[in-house]
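Heads up, the thing below is written out as C-alpha cells.
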C-alpha cells in the first residue's frame, strides 16, 4: 500500500505538536526562575500567569492532541493495511484544531486568558480563548470519528479476526476521548462562552468544576494510552523480543478506559459542592484504576525479560544489562517506568482522602503531575518521535547518540525539578503562586529547593533543545530513508479472541452505566437547588 499521504498527514500533526512543545519548554524555565524570587527584575505577576496559562495549554492540550492524532492516523493505516478513511475529512479536522489553537493563542499571549489550563471560574478569559479551545476539541472529534470508522470497516472486512493490538488501543483512546471531552465541552459551550460573551451575568462555579472533573482525570489516560501503546506494541520488538501477552494488554486497555472515567471527584475532595459519599465512590474508583497499571507493569517487564534473555542475559537480573540500552525506545521505557513508579506513589497519596488534605493545592501536586505527564508520558512521545520521524519524513534520524543523551538529560532534569516540588508541598508551599516570598522563615526554608528547581529547569530546557535540533536536522537532511513501523508479535500467537476483548460495544454500555451513577445526581442537583449564591438551572 502506498501510504505517502498518510505519512504526510501524521507528520504535519507532529510538526504542530513539537512546535508547541518547544515554545512551552522555554516558558517552563521562565516560570521556575520568576517565582523563585532570586531575580527581581524578572518578577511580573501579569507575565507569569500569562506564561503559566500558555505553558499549560500548549503542553496539556496542543502537544498531546496533535501528537495523539498524528500517531493514531499512522498506526491505523500501518496496522490495518488500509488508507486513512476520507483524508479530506482528516485534514479538515487538522485545520479546525489548528485554527482553534491560533485563536486561543492570541488572548493567552496577550494576558487576556490567564486562567491556567484548567480555566476554573470565577476567573474569566476572553471569549476567543474559549472558542479556540472548543475548536481544538471539535477538530479532535474528526480524528475520533476516523479511528472508529476504520476500526469498524476492518472488522467488517475481517470477521472473527483479532483487531491488531495497536489499533485496538488507538480506537479505545478515541472512544475514551469522546466520553471524557463531553464534560469540558458542556462546561465551555453552555456556561463559559455565554458568560464570557455577556449573555449571562453569572454561572454556577460548582457545576463548572463538576463538569471539568468529568474530564480532568480521564484526560490523563488519553495522554498516556499512546505511551502504553508503545510499551506493548513497539518496545518488545525494539528490545529484540516478543510481547508477553496480547490478551493481558487488551484487558489493561479496557480497564484503563472503563475505570478512568467515573473518578474525577478525587480532584474535588476539598470542594463543598459534592457530598462525602460521592467523593468516597470516586476515590474507590481511583484505586481500582491502579489495576491496569499493575498489569501493564508486569506484562511490559516480562516482555523486556524475554528480550533480555534472548539477547543472552543470564541469571536472575542479567537480562537487564543485556537489553539494548542504546535503543531510544528501550531506554525511554526504562526511564519512563522509573518515573511512573515514583509518580504513582504520589498518585496514591492524592487519591487518599486524608493524605490528600495535607497536600491539597500545594507544590506537591505540581511535582506529581509533572513527574507522570512530563516524565513518563512525554519521554515516550520523544521515543515515538525518534522512531516515527525517519519513517514519516523519509530521512534518517540525524543523531542517535544525541537522542540517547536527550533522554538521559530529560530524566535527570525531571527528577531534579520534581523532587523539590514534592518537598516544598510537604513544607506547605502553595501551588499556582507567582511569588514564594511569604515571610522570612518560609522563604529561608524554601530557598534551597527553589534553587535546585532552577537547575532542573535548565537541564530540561537543554534537553528540549537537543530534541528539537535533532528532529529539525532529520527533517532538513538531504539523505533518504526507507522503512516502516515494526510492531511486536506476542510470544503466543493470537488467532481467536472473545468479542469482549476485540470490540468496545459492551464496554460503552458499562461506561454509560458507570457515568450515570457517578455523575448523574452530582450534576442534576445543581439544576434543582440553590448552590452557594448561584440560582437554579446553573445560572
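The values are calculated or read from the model by the stated rules, or taken from the named source; none is laboratory data. Bear in mind that the values here come from a model prediction, so they are computed numbers and not experimental data. When we count neighbours, we look across all protein chains shown, and the Cβ atoms used for this are built from the backbone with ideal geometry, even at glycine.
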Output the residues belonging to the stretch 311-322 that are over 27 Å from residue 397 (Cα atoms) and either in contact (Cβ under 8 Å) with a residue 12 or more places away in the chain or buried (at least 16 other Cβ atoms within 10 Å of the Cβ) (or both). 313, 319
Residues of the stretch 94-111 being touching a residue at least 40 places away in the same chain (Cβ under 8 Å) and surrounded by 20 or more Cβ atoms within 10 Å (Cβ to Cβ), which ones? 94, 97, 101, 104, 105, 108
Working only within the stretch 210-238, note down all residues that are over 9 Å from the mean Cα position of the chain (by Cα), more than 15 Å from residue 337 (Cα to Cα) and in a helix (DSSP H, G or I). 210, 211, 212, 213, 214, 215, 216, 218, 233, 237, 238
For residue 36, which of the numbered conditions (1) free of Cβ contacts under 8 Å to residues at least 60 places away in the same chain; (2) surrounded by fewer than 23 Cβ atoms within 10 Å (Cβ to Cβ); (3) farther than 22 Å from residue 372 by Cα fails to hold? (1)
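Conditions (1) buried (at least 20 other Cβ atoms within 10 Å of the Cβ); (2) out of contact with any helix residue (DSSP H, G or I) (no Cβ under 8 Å at 6 or more places or on another chain); (3) more than 26 Å from residue 375 (Cα to Cα), marked per residue:
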residue: 182; (1), (2), (3): no, no, yes
residue: 195; (1), (2), (3): yes, yes, yes
residue: 206; (1), (2), (3): yes, no, yes
residue: 217; (1), (2), (3): yes, no, no
residue: 232; (1), (2), (3): yes, no, no
Single unsatisfied condition, residue 124 versus (1) on the phi < 0 side of the Ramachandran plot; (2) modelled with pLDDT under 95; (3) crowded, with 22+ Cβ neighbours inside 10 Å: (3)
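Tell me whether the stretch 70-86 contains one or more residues that are closer than 22 Å to residue 131 by Cβ, out of contact with any strand residue (DSSP E or B) (no Cβ under 9 Å at 6 or more places or on another chain) and touching a residue at least 12 places away in the same chain (Cβ under 8 Å).
No, the stretch 70-86 contains no residue that is closer than 22 Å to residue 131 by Cβ, out of contact with any strand residue (DSSP E or B) (no Cβ under 9 Å at 6 or more places or on another chain) and touching a residue at least 12 places away in the same chain (Cβ under 8 Å).
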Using the structure shown, decide if residue 136 is in contact (Cβ under 8 Å) with a residue 60 or more places away in the chain and farther than 30 Å from residue 78 by Cα. no
Of all residues in the stretch 152-176, how many are free of Cβ contacts under 8 Å to residues at least 60 places away in the same chain and either in contact with a strand residue (DSSP E or B) (Cβ under 7 Å, 6 or more places away or on another chain) or in a helix (DSSP H, G or I) (or both)? 3
Among the helices (runs of 4 or more DSSP H) lying completely within the stretch 351-438, list those that include at least 1 residues that are over 18 Å from residue 14 (Cα atoms). 353-359, 363-369, 400-426
In the stretch 357-373, what count of residues is obtained for those that are closer than 13 Å to residue 413 by Cβ and surrounded by fewer than 23 Cβ atoms within 10 Å (Cβ to Cβ)? 1
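Conditions tested, residue by residue: (1) surrounded by fewer than 19 Cβ atoms within 10 Å (Cβ to Cβ); (2) in contact with a strand residue (DSSP E or B) (Cβ under 8 Å, 6 or more places away or on another chain); (3) over 29 Å from residue 411 (Cα atoms).
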{"site": "243", "(1), (2), (3)": "no, yes, no"}
{"site": "267", "(1), (2), (3)": "no, no, no"}
{"site": "284", "(1), (2), (3)": "yes, no, yes"}
{"site": "295", "(1), (2), (3)": "yes, no, no"}
{"site": "298", "(1), (2), (3)": "yes, no, no"}
{"site": "324", "(1), (2), (3)": "yes, no, no"}
{"site": "327", "(1), (2), (3)": "no, no, no"}
Among the residues of the stretch 407-426, is any more than 21 Å from the chain's Cα centre (by Cα), under 17 Å from residue 234 (Cα atoms) and either in contact (Cβ under 8 Å) with a residue 24 or more places away in the chain or surrounded by fewer than 24 Cβ atoms within 10 Å (Cβ to Cβ) (or both)? no
